[in-house]
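> Sharing a structure with you now.
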Amino acid sequence: MKYNFDKIINRRETGSLKWDVSKNELPMWVADMDFETLPEIQEALVERVAHGVYGYSVIPDEWSQSYVDWWDKRHHFHMNPEKLIFTTGVIPALSSAVRKFTTPGENVLVQTPVYNHFFYVIRNNGRNIVENQLLYDGENYSIDWEKLEQQLSNPQTTMMILCNPHNPIGKIWDKETLAGIGRLCKKYDVVVVSDEIHCDLTAPGKEYIPFASVNETCRDISVTCLAPTKTFNLAGIQTAAVYVENPLLHHGMKCQLNTDEVAEPNVFAVPAVIAAYQNGAGWLDELRNYIHQNKQYVTEFLQNKIPEIYPVVSDATYLMWLDCRKLTEDSRKFTDFIREKTGLFVMRGSVYGKNGEGFLRLNIATSKLIVEDGMQRLLEGVTAWKNDIN
């Protein structure tokens, strides 16, 4: 391997949200990685810092072309560079889309269990959350199509936020599924806002399908949110993009992002993106293999040491969705207990929707040694849990 993902970086006392925990605690919760980013990104940022002047920034054509070239090569989707809009983050973009394309009191549909910040951008803007709960058969997730159409047919439901690939379950939606969502949303005049921030983090040999690439319908009714921040561990740089081909939706989104003052880059946002997409292919391929190996390790560990916990099969993201219902249905109590007993800090499934109860989300984008430590702590916690309830 050219890149050393085994290297352990001390992130304590660096202002890290993830690592702002007690000394004995091991955080495997929030979705950022413990790996150093691509060397070319570091070099681009150092060069920018060395310039010494940090005034207002423009967005050069090279920025949008970097997105276009990356999606063309990696995801077989040719984007029109003129339809890309800079924004500071996917969540600000989601919030702007909710404000622009819905009105207070209307419904926004999400498919749960899903990233908890979706709930915040809906509720905080005075809209109603509609949970289209995914069907779970004990091993895999699928869409409840009958319920989905029923919910979309409600005239009060005017937007669907799609998670593609899906966080936290790690599912890559196939072309037929995405086309089905597009067909129903078109039928009932529902705008689709597709969060595709995890798109690059697929298992080796697996590819995601951009929603807007499926067909003309999907392209015409959608707003797509993109970013290199999950892929290259750049969340703190605050850089993302929105892709919208429909002229009316594009105009509305651009105006709203500017109204919300989230359409201007800081001085590091543009060079980081250009460096990432122009130089990051090899680094990303090694990263995907490393994450896949970590997932395999966790899966085998659970099968051998904690068979009561089932790791849901995942083809994307560096997150693992663990079914703990053989031990408990109370994910808050369970995760709090594990943290208190062992210092292992993971996310309780209940924050991702009503049907996340009894699950937990584990971030394995870290050194293999830290993953091994986390598994030993989880085993210790589960053993104490079983002894406590018996």
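> Return the pairs, sorted by first residue and then second, in which the second residue is small (G, A, S) and open to solvent by 20 Å² or more (accessible area, probe 1.4 Å), the first residue lies in the range 66-81 and is touching a residue at least 60 places away in the same chain (Cβ under 8 Å) and under 20 Å from W173 (Cβ atoms), the beta carbons are less than 6 Å apart, and the residues are 6+ apart or on different chains.
Within 6 Å, the pairs are F77/S213.
> Right, another one. Quick check on A212: is it in contact with a strand residue (DSSP E or B) (Cβ under 9 Å, 6 or more places away or on another chain) and surrounded by fewer than 22 Cβ atoms within 10 Å (Cβ to Cβ)?
For A212, the condition - in contact with a strand residue (DSSP E or B) (Cβ under 9 Å, 6 or more places away or on another chain) and surrounded by fewer than 22 Cβ atoms within 10 Å (Cβ to Cβ) - is not met.
> Return only the number of the condition from (1) assigned to a loop (DSSP other than H, G, I, E, B); (2) farther than 30 Å from L135 by Cβ; (3) open to solvent by 60 Å² or more (accessible area, probe 1.4 Å) that K341 does not satisfy.
Here K341 clears every test but (1).
> State yes or no: is C225 open to solvent by less than 20 Å² (accessible area, probe 1.4 Å) and out of contact with any Ser or Thr (no Cβ under 8 Å at 6 or more places or on another chain)?
no
> Go through V90, V21, V53 for me and flag whichever is in contact with an Asp or Glu (Cβ under 8 Å, 6 or more places away or on another chain) and at pLDDT 95 or above.
The conditions single out V90.
> With (1) touching a residue at least 60 places away in the same chain (Cβ under 8 Å); (2) closer than 23 Å to D32 by Cα as the list, and P311 as the residue in question, which single condition is left unmet?
(1)
> Out of the residues in the range 143-173 that are closer than 26 Å to L226 by Cβ and either touching a His at 6+ places or on another chain (Cβ under 9 Å) or among the acidic types (D, E) (or both), state the one that is most open to solvent (accessible area, probe 1.4 Å).
Only one residue fits best here, namely I172.
> Then there is this: When you scan the range 255-273, do you find a residue that is free of Cβ contacts under 8 Å to residues at least 24 places away in the same chain and either part of a loop (DSSP other than H, G, I, E, B) or open to solvent by less than 20 Å² (accessible area, probe 1.4 Å) (or both), even just one?
yes
> Assess whether E176 counts as being at pLDDT 95 or above, surrounded by 14 or more Cβ atoms within 10 Å (Cβ to Cβ) and of a type in the set (D, E, K, R).
Here the answer is no, as E176 does not meet what is asked.
> Of all residues in the range 144-171, how many are in a loop (DSSP other than H, G, I, E, B) and within 27 Å of A240 (Cβ to Cβ)?
6
> Next question. Answer with yes or no whether G252 is small (G, A, S), open to solvent by 60 Å² or more (accessible area, probe 1.4 Å) and either part of a helix (DSSP H, G or I) or in contact (Cβ under 8 Å) with a residue 40 or more places away in the chain (or both).
Taking the combined requirement at face value, the residue does not satisfy it.
> So the check is Cβ under 9 Å with 6+ separation or different chains; which pairs have a first residue in the range 202-226 that's under 18 Å from L94 (Cα atoms) and a second one that's of a type in the set (S, T, N, Q) and in a helix (DSSP H, G or I)?
These pairs meet every condition: R219/S213.
> Continuing with this model, one more query. Select from the range 32-72 the residues that are acidic (D, E), closer than 27 Å to P210 by Cβ and in a helix (DSSP H, G or I) and write down the one among them that is most open to solvent (accessible area, probe 1.4 Å).
My answer is D61.
> Can you go through A365, A384 and tell me which one is more than 20 Å from K305 (Cβ to Cβ) and either touching a Phe, Trp or Tyr at 6+ places or on another chain (Cβ under 8 Å) or outside any helix (DSSP H, G or I) (or both)?
Selected residue: A365, the only one of A365, A384 that is more than 20 Å from K305 (Cβ to Cβ) and either touching a Phe, Trp or Tyr at 6+ places or on another chain (Cβ under 8 Å) or outside any helix (DSSP H, G or I) (or both).
The values are calculated or read from the model by the stated rules, or taken from the named source; none is laboratory data. Predicted model, so just to flag it, every value in this text is computed and none were measured. Every residue, glycine among them, receives a Cβ derived from its backbone with ideal geometry; neighbour counts consider all protein chains shown. Ligands, DNA and RNA are excluded from the accessible area calculation, which covers all protein heavy atoms including side chains. Shrake-Rupley method; radii C 1.70, N 1.55, O 1.52, S 1.80 Å.
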